[in-house]
Amino acid sequence: MNKHTKRILRVAIVMLVLLISTVMMLQLTDKNNAETKYDHLPWYLTLVTKTRSVPKTYIPQLCKLANGEQIDRRIYPELQEMFDDARANGLDLQAAHCYRTKQQQADILKTRIHEIMKQGYTEEQATAEAQLTVALPDHSEHQLGLAIDIQKKGKTNADQLYAWLENNAYRYGFILRYPKNKTEETGFQYERWHYRYVGTDAAQVIQEEQLTLEEYLQIYE
Ligand SMILES: [Zn+2]
């Protein structure tokens, strides 16, 4: 190898190292932007997860249901339509838990931790266990007024009800938010009762491609 070739080789190596570090830095910036990445989305696609809190600017427009529960009034017509159609199919149901305040969420978590501690676990163990099923304050979709825990009523068979919802809720803009085998993506165990409004366009894609809301936003937004 003559002097000239060595020099070219050295320059090439330096450039390669520079290129690699630039790519790595870009990836890092992308990761740091993940928190603010979805701020442009419409209200009905607001993402709340274990690591993303309810945006400070988010204000639910609440209305009261006949049973005293509150939801965002913008999703009321589609919720009503879904319930009407479920009933027309012989399935009686109720919106058991809807909107929650931050304080109510904190109380639910505290109660759950105490329940688990009574079974002989330490506070640390109980807290970890509780957080698999109960969100931290400001990290619950219920604070958006866009999430509904649906339960059966009367003689309706719960399995039949949840099967109907799983197959039909998307038509009204609702998705099963914490599906089976998606715990890694959502951070939550399977909750067959928890439905989330995302609008009919997103719901249809999520249904067809069997995505979580996280995955949908990652791919399409
Ligand atoms: Zn829920």
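What follows draws every value from the coordinates through simple rules; no lab data is involved. Predicted model, so just to flag it, every value in this text is computed and none were measured. Glycine gets a Cβ as well: all are built from the backbone with ideal geometry, and neighbour counts include every protein chain shown.
In table form, for the structure just shown:
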| read-out | value |
| --- | --- |
| Sole exception among (1) surrounded by 13 or more Cβ atoms within 10 Å (Cβ to Cβ); (2) within 16 Å of the ligand (Cβ to nearest atom) for Ile113, by number | (2) |
| Qualifying residue in segment 154-162 (condition: farther than 26 Å from Lys56 by Cα, assigned to a loop (DSSP other than H, G, I, E, B), in contact (Cβ under 8 Å) with a residue 40 or more places away in the chain and small (Gly, Ala, Ser)) | yes |
| Residue identified as part of a helix (DSSP H, G or I), in contact (Cβ under 8 Å) with a residue 12 or more places away in the chain, farther than 21 Å from Tyr162 by Cα and in contact with a helix residue (DSSP H, G or I) (Cβ under 9 Å, 6 or more places away or on another chain) among Arg112, Arg100 | Arg112 |
| In segment 166-221, the residues that are within 16 Å of the ligand (Cβ to nearest atom), of a type outside the set (Ser, Thr, Tyr), part of a loop (DSSP other than H, G, I, E, B) and under 23 Å from His40 (Cβ atoms) | Arg177, Val198 |
| Filtered residue count, segment 108-123, keeping only those that are within 27 Å of the chain's Cα centre (by Cα) and of a type in the set (S, T, N, Q) | 1 |
| Number of positions in segment 142-165 that are among the charged types (D, E, K, R) and either under 12 Å from Ile206 (Cβ atoms) or within 16 Å of the ligand (Cβ to nearest atom) (or both) | 2 |
| Scan of segment 172-190 for residues that are basic (Lys, Arg) and surrounded by fewer than 13 Cβ atoms within 10 Å (Cβ to Cβ), ordered by number | Lys180 |
